[in-house]
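As structure tokens, the structure follows; a few thoughts come after it.
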Amino acid sequence: MDTINFSKFKGFLFLLLTLCIGIEANAQKPAELVYPLLDAANSRWFYFTSATRPFGMVNLSPDMGVGGAWESGYRYNNDKINFFSHVHAWQLSGIPVLPTTGEFKGHLGASTYGSVYSHDKEVVKAGYHSIELETYGIQAELTATTRVGFHRYHYPSGKEKYVLMDLGTLLGPSGTEKGYARQKSKTEIEGYALMEATRRRPKATYIYYVLQFDTPFNTMQSWKDGKLLGKTKKFEDSDGGIYVDFEGTDAQTIQMKVAISYTSIDGARNNMETELPHWDFDQAANEAFEDWNNWLGKIKIEGGSHQEQSRFYTDLWHALQGRRIISDIDGKYCDMTGDALIIGQIPLNSHGKPSFNHYNSDSFWGAQWTLNTLWHLVYPKVTEEFVNSMLLMYDDGGLIPRGPAGGNYTYVMTGASSTPFIVSAYQKGIRGFDVEKAYEGIRKNAMLDGIMAKAGYEHGTSVGGGLKYYIENGYVPYPNPDKNRGFHNEGAGQTLEYSYQDWCLAQMAKALGKEGDYDLFMKRSQNYRNVWDEEAGWMRPRKLDGTWEEPFNPILSHHGFVESTASQSTWFVPHDMNGLFSLMGGTEKAAKKLDQQFHIADVHDFISKSYKADRFVDRARHNTYLNYGNQPSMQVGFIFNYAGQPWLTQYWTREVVNRIYSQLDPQNGYNGDEDQGLMGALSVLMKMGIFEMRGGAGVNPEVQIGSPLFDKVTIQLNPDYYEGGEFVIEANNNSDKNRYLQSVNLNGTNLNKVWINHDDIVKGGKLKLEMGSKPNKSLGSSPESLPESVTK
């Protein structure tokens, strides 16, 4: 036996240890992997963000585009920055500012006073944005707390120095009706911007602010209607703004804090004093980064390329914003559900802090396949807060909202999209809210005096939803015989949505022992059958007299289907896939039909919309067989699990991820409408290899297994809600070629199915998946191994 040279062996161990330490030291934190510029050439007003916190009231970033909800905000390909504004939210905008030098031009409008810039002199990170305003030679840095924007401006020498605030500009979805500014001292200005009502948000909304400088300014001056008005201590008018100037022309760094509130100036000031009492910009930026890192780090991924990891955390970043806090740090909030503004107060906990935050949000239309899984599993406290926020609005206005804006109802989209979200939360044990009140509210929403009776943005009437026909005849007719000003009067699509939402409501009724309601809503949940045309082989719009709408084209969008086509929406029966398969002639025929749709959609990368540079290309308004660029097709890849052919789920979902959720550049990203975290969350779940067809609303929610992109995913479970510690998804021998499941093992037990229960996950443990290059067609294909469906 040879003797061991221990000195060499110790040297080898030291080298190995050094390499391991080096690898660990060089490993990037989740927040470092975020790429905020993803798809930034195609920004919607509320899509892009940089200097913000998770769900932050303040979302501070440059605005290149200013007009309308689309093609506005940060637009990567535009050549001029108009200003930095503090609110980029659903139907909300406000408080645009800009530092300038030299001859003042603020009164001439943003098209004149805006600055050119270069992406070569731009740094964008989670919670931080730096950009050089080349017109003025100013390097601007931005960061934020939840309710306060923090600016640091580096002025060059040789020119006069200004900061302007435009209180008359068009700003994304809303114009500025009027503004108010009062000089309180040489370092502080307070006031408000009254943002005009919109088609969707029917009442003008006040955004109050307090603005503070670390350096005294000389004077506050104003303008109106393009004319300078000179020095003033107070400005209150429309089509104008204010600006301040600073002493001398020496190079100088000036810092500014801008706190906002939807309740009052005092509320804004308290937000600033509580969240950002100091002037250490670097500290604030580091805290913003660490805040993001903590949130993103709840999911740890191993394996995959650097680009794949970066895209994953960028998707997760999007899933944690867009929907914004609107309550103050002390729990005060604006209630705009009545005839006049009321300032409400969120209940305080035993520590004197608000029990939850109040939120502004676009619709939860599609959240059943995205946020219901991601938030409820990884961020249950967020879920609980959103449910309480919805119930707060129910107390104030009498309806659980489907998309509130600044305390207003907007009635965005269709149906009762909040119902699956609330039911799923309850079924998963997230119950820190008034359960009976929640049930009362979602039940009301399913009745004639509820939100289901309203079409999109239908203010003043409740007929666009066609609910009375749905209840009486079993379907919503198309066209709607009752004229209204609502959007999305799309009878067949509405029928499908209502049927699923009724099933969700029935599940909560069952859990609460409300047998009469359970029977009522289970019966209604079968109404999807009334828009199935056996001869055509598709769901189809039906007229009030019961005849089918003519002519019929299964890939023609917006003709009876909400932002969708018959070919896409036919598969919207998540609660009863077996029932749908039966209508199609059985599981084999259904799987073949869907597989054919995927093969057709493969030609155009599974989308019907694409964005090219700064130009929006609409491919005939969703006119395709499948569309992974919008919510109605989110679930289709996982339907094969229900049809006993899970290998097709594994194949096609990987193709979708590779084709449309893998880019990492400003020109591409979501190939459609990311929609406040919905598509980002979908991408995250598909890459983790999990999905919930029924939105987690069943009494014992089931989680389907797909084909994970990463070798290992570790979910840190919140101990306040789940006792399991962590859950690990491990995919051995994983690669793009080896995308097929060979075996499934949960905590040492082999499973012959491709789904587990939510409870299995939150108890903690490991899901071990063996991957291979060829399908294992015996796994998850037997009738007894299939996920649950209403029809047995």
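The values are calculated or read from the model by the stated rules, or taken from the named source; none is laboratory data. Owing to the predicted nature of the structure, the values given are computational and were not obtained by experimental measurement. With ideal geometry, Cβ positions are generated from the backbone for all residues, glycine too; neighbour counts draw on all protein chains shown. Just so you know, the surface numbers come from the protein's heavy atoms only, side chains and all, with ligands and any DNA or RNA stripped out. Shrake-Rupley method; radii C 1.70, N 1.55, O 1.52, S 1.80 Å.
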Subject >> Percentage of interatomic Cα-Cα distances in the stretch 103-224 larger than 20 Å >> reply: 56 percent
Subject >> Helix-only mean residue ellipticity at 222 nm for the chain, each DSSP H run of n ≥ 4 adding -39500 (n - 2.57), per residue, nearest 500 >> reply: -8500 deg cm²/dmol
Original post:
Taking the stretch 679-757 as the region of interest, what is the percent of Cα-Cα pairs per 10 angstrom bin, listed from the shortest bin to the one with the maximum distance?
Top reply: 16, 48, 33, 3
Original post:
Rounded to the nearest 20 Debye, what is the dipole magnitude of the stretch 136-267 about its Cα centre when Lys and Arg each give +1 and Asp and Glu each give -1 at the C-beta?
Top reply: 340 debye
Original post:
For the chain, which span is the longest to avoid every loop-located (per DSSP) member of GluC sites (Glu not before Pro) having at most 12 other Cβ atoms inside 10 Å?
Top reply: 248-533
Original post:
Would you list HIS459, HIS151 from the most to the least accessible area, probe 1.4 Å?
Top reply: HIS459, HIS151
Original post:
What Kirkwood hydrodynamic radius, in Å, does the stretch 526-665 give when the mean of 1/r is taken over all pairs of distinct Cα atoms and then inverted?
Top reply: 15.7 Å
Subject >> Three principal axis lengths of the stretch 466-546 [C-alpha, angstrom, descending] >> reply: 38, 33, 19
Subject >> Dipole of the stretch 42-106, positive end: most advanced residue of PRO62, TYR76, TRP90 [Cβ charges, Cα centre] >> reply: TRP90
Subject >> Note, ³J(HN,Hα) from phi for the stretch 157-171, Karplus 6.51, -1.76, 1.60, rounded to Hz, x at Gly and Pro >> reply: 8, x, 9, 5, 10, 9, 9, 10, 10, 8, 9, x, 7, 6, 9
Subject >> From the coordinates shown, volume of the Cα convex hull per residue in Å³ corresponds to which of [x] 166; [y] 195; [z] 178 >> reply: [z]
Subject >> Check: the stretch 649-770 dipole with +1 on Lys, Arg Cβ and -1 on Asp, Glu Cβ, in debye >> reply: 460 debye
Original post:
To the nearest 20 debye, what is the magnitude of the charge dipole of the chain about its Cα centre, counting +1 on the Cβ of each Lys and Arg and -1 on the Cβ of each Asp and Glu?
Top reply: 600 debye
Subject >> Residue-level accessible surface for ARG44, protein heavy atoms, 1.4 Å, Å² >> reply: 30 Å²
Original post:
Which lysines, on any chain, are close to LYS300 with Cα under 24 Å apart, when same-chain ones fewer than 8 places away are left out?
Top reply: LYS29, LYS125, LYS381, LYS428, LYS687, LYS712, LYS737, LYS763, LYS766, LYS768
Original post:
How large is the Kirkwood hydrodynamic radius of the stretch 28-159, in angstrom, based on all distinct alpha carbon pairs?
Top reply: 14.9 Å
**OP:** Check the straight Cα-Cα distances from LYS224 and name the lysines below 26 Å, setting aside those fewer than 8 residues away within the same chain.
**Re:** LYS80, LYS105, LYS159, LYS161, LYS178, LYS184, LYS186, LYS203, LYS233, LYS234, LYS257
**OP:** May I ask you to give the percent of accessible area on the chain that is carbon plus sulfur, with a probe radius of 1.4 Å?
**Re:** 49 percent
Subject >> Length added when fully stretched, GLU122-LEU664, from 0.36 nm per residue minus Cα-Cα >> reply: 193.4 nm
**OP:** Kindly report the accessible area of the chain per residue (heavy atoms of protein chains, probe 1.4 Å, no ligands, DNA or RNA), in Å².
**Re:** 35 Å²
Original post:
Loop-only check: which trypsin sites (Lys or Arg not before Pro) in the stretch 200-289 are DSSP coil with at most 14 other Cβ within 10 angstrom?
Top reply: LYS233
Original post:
In Å, what Rg and Dmax follow from the Cα atoms of the stretch 645-702?
Top reply: 13.2, 43
Original post:
With point charges of +1 on the Cβ of Lys and Arg and -1 on the Cβ of Asp and Glu, referenced to the Cα centre of the stretch 395-532, which listed residue (PHE433, GLN501, THR410) lies farthest in the positive direction of the dipole?
Top reply: GLN501
**OP:** Check cross-link reach from LYS483 to the lysines: straight Cα distance under 21 Å, and skip same-chain residues fewer than eight apart.
**Re:** LYS454, LYS468, LYS543
Original post:
What length, rounded to one decimal in nm, is gained on full extension from ASN745 through to LYS381, with 0.36 nm per residue of separation minus their alpha-carbon distance?
Top reply: 128.1 nm
**OP:** At 10 °C and 1.306 mPa s, grab the translational diffusion coefficient of the stretch 172-287 from Stokes-Einstein with a Kirkwood Rh over Cα pairs, rounded to a whole number in µm² per second.
**Re:** 102 µm²/s
Original post:
Which whole-number percentage describes the relative contact order of the chain, with Cα contacts under 8 Å and a sequence gap of 6 or more?
Top reply: 11 percent
**OP:** Could you let me know the centre-to-centre spacing of the stretch 97-151 and the stretch 513-535, using Cα atoms, in angstrom?
**Re:** 55 Å
